[in-house]
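The values are calculated or read from the model by the stated rules, or taken from the named source; none is laboratory data. Predicted, not measured: the structure shown is a model, and the values here were computed from it. When we count neighbours, we look across all protein chains shown, and the Cβ atoms used for this are built from the backbone with ideal geometry, even at glycine. Just so you know, the surface numbers come from the protein's heavy atoms only, side chains and all, with ligands and any DNA or RNA stripped out. Shrake-Rupley method; radii C 1.70, N 1.55, O 1.52, S 1.80 Å.
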Amino acid sequence: MIIEKPGLLTTIQDLGRTGYKQYGIIASGAMDQTAHRIANMLVLNPEETETVEITMGGPVIRFQEKAVIAMTGGHFSPAVNGQLVKMYRPLLVDDGDVLSFGHPKNGLRCYLAVHGGFSIENVMHSKSTYLRAGIGGYKGRALEKGDEIQLKAAKPIRWTGPMKWSAESFRLHDGGTRKNVRVLPGLDYDAFTEESRAALIKKEFIVKPESDRMGYRLEGERLSLKKQTEFISEAVSFGTIQVPADGQPIILMADSQTLGGYAKIAQVATVDQAVVAQAKPGDRLTFEMISLKEAQRLLLEQERELKILKRAIQMKYS
């Protein structure tokens with residue numbers, strides 16, 4: 001396929017570059033991993049297969065051969081040859097077909113999966129693009145006009161006509177500008193004042209324009225420590241909420257550093273990381289404190305639902 005227009009930020013991502021944090025290599029990977037996984041399910045790919053992550057403004061892509069594709073995540077009004085098409089269902093595109101995107105209806109990131117994936121080299125067992133280091137993905141960078149990405153040969157899918165079923169019920173965001181995010185107490189939760197701990201769950205925080213794949217900067221009630229303390233840098237992960245000296249929290253995202261020295265007030269529950277990933281600048285986040293046991297229950301419940309969805313998709317193709 002050929003990139004005729006690149007969009008605002010379009011990269012190749014998979015489920016991340018795991019096992020290298022001890023060497024200072026970040027995980028990277030899809031910001032909305034749930035949407036990424038469902039897109040792959042819809043085209044019968046293994047869930048870890050690379051997809052195209054499209055941020056805000058969509059690209060224009062011309063296919064040079066027949067392919068089965070699917071799009072999930074943020075709704076960017078996709079169209080094939082100018083005709084609007086449905087998301088969260090597989091689509092058959094032909095040689096010469098042009099996929100384009102319109103104005104985003106909701107969400108910040110859309111995922112495009114192609115049956116078989118792309119012929120791109122692994123870097124440390126992953127095809128994810130890490131922009132700051134210039135590794136992975138397509139030449140270690142965002143896609144640009146004129147880039148030609150080869151599709152990987154795969155076992156043909158038995159196609160009986162347009163699919164009328166959809167996995168739309170698994171869309172995790174409703175397009176609203178206010179999103180509730182469930183969190184667990186962070187390692188330094190008790191170091192914050194009682195007023196700050198209360199503000200975290202009672203006040204709204206606005207996503208600032210400076211937010212990116214490394215971290216979401218929030219603006220809201222100033223969060224303060226009981227006393228000024230120098231924290232030792234220690235491991236951080238996707239969803240860690242750090243509070244620097246200005247008292248405005250930062251949610252670490254897929255491209256976050258491996259170590260952090262700011263106080264960690266909370267950790268986004270894994271089940272809600274996708275909700276944060278789809279939040280746009282200007283959106284308002286509210287936080288709900290839950291227990292580790294509840295976070296585990298919610299994640300297990302989601303995984304059961306995804307397993308059922310995967311089985312149902314495979315049956316639709318049979």
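Structure summary
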| quantity | calculated |
| --- | --- |
| Solvent-accessible area per residue for the chain (1.4 angstrom probe, square angstrom) | 47 Å² |
| Ordering of 68-81, 287-300 by burial proxy (mean other Cβ atoms within 10 Å per residue, highest first) | 68-81, 287-300 |
| Charge dipole (debye, nearest 20) of region 125-167; +1 at Cβ of Lys and Arg, -1 at Cβ of Asp and Glu | 180 debye |
| Solvent-accessible area, 1.4 Å probe, carbon plus sulfur percent, for region 57-127 | 47 percent |
| Cβ charges +1 (Lys, Arg) and -1 (Asp, Glu), total dipole of region 61-179, debye | 460 debye |
| For K179, distant residues with modelled amide H under 5 Å away | R284, L285, T286 |
| D190-I232 pseudo-label distance in nm [points 7 Å out on the Cα-to-Cβ vector] | 1.7 nm |
| Rh (Kirkwood; distinct C-alpha pairs) - region 26-127, Å | 13.7 Å |
| Sequence ranges 46-58, 215-227, 129-141, ranked by mean other-Cβ count within 10 angstrom, highest first | 46-58, 129-141, 215-227 |
| Rough spin-label spacing in nm, given labels placed 7 Å along Cα→Cβ, for Q296 and K66 | 4.9 nm |
| Furthest towards positive pole of dipole, P209, T258, G146, structure part the chain, Cβ charges | G146 |
| Stokes-Einstein D (µm²/s) once Rh is taken as the Kirkwood radius of region 101-163 over alpha-carbon pairs, at 10 °C in 1.306 mPa s | 110 µm²/s |
| Lys/Arg +1, Asp/Glu -1 at C-beta; region 26-97 dipole; positive extreme among P46, H36, T72 | T72 |
| Between region 191-251 and region 90-156, the alpha-carbon center distance in angstrom | 33 Å |
| Cα-based shape type of region 3-59, given that a ≥ b ≥ c are square roots of the gyration tensor eigenvalues and the cut on a/c is 1.5 | oblate |
| Amide H contacts of I135 (H built 1.01 Å from N, under 5 Å, at least 5 apart or other chain) | Y130 |
| Mean projected area in nm² (Cα convex hull; one quarter of hull surface) for region 189-285 | 5.7 nm² |
| Simple Cβ-charge dipole of the chain, Lys/Arg +1 and Asp/Glu -1, about Cα centre, in debye nearest 20 | 640 debye |
| Shape box of region 113-222 [Cα atoms, principal axes, largest first, Å] | 59, 40, 28 |
| Helix runs (DSSP H) in the chain reaching 27 Å along axis by Cα, Kyte-Doolittle at least -1.0 | 292-317 |
| Table column - 3J(HN,Hα) (Hz), region 235-244, Karplus curve with 6.51, -1.76, 1.60, x for Gly and Pro | 4, 10, 8, 3, x, 5, 9, 9, 10, x |
| Charge-dipole axis of region 191-302 as Lys and Arg at +1 and Asp and Glu at -1 on Cβ define it, positive-most pick from S196, I241, V268 | S196 |
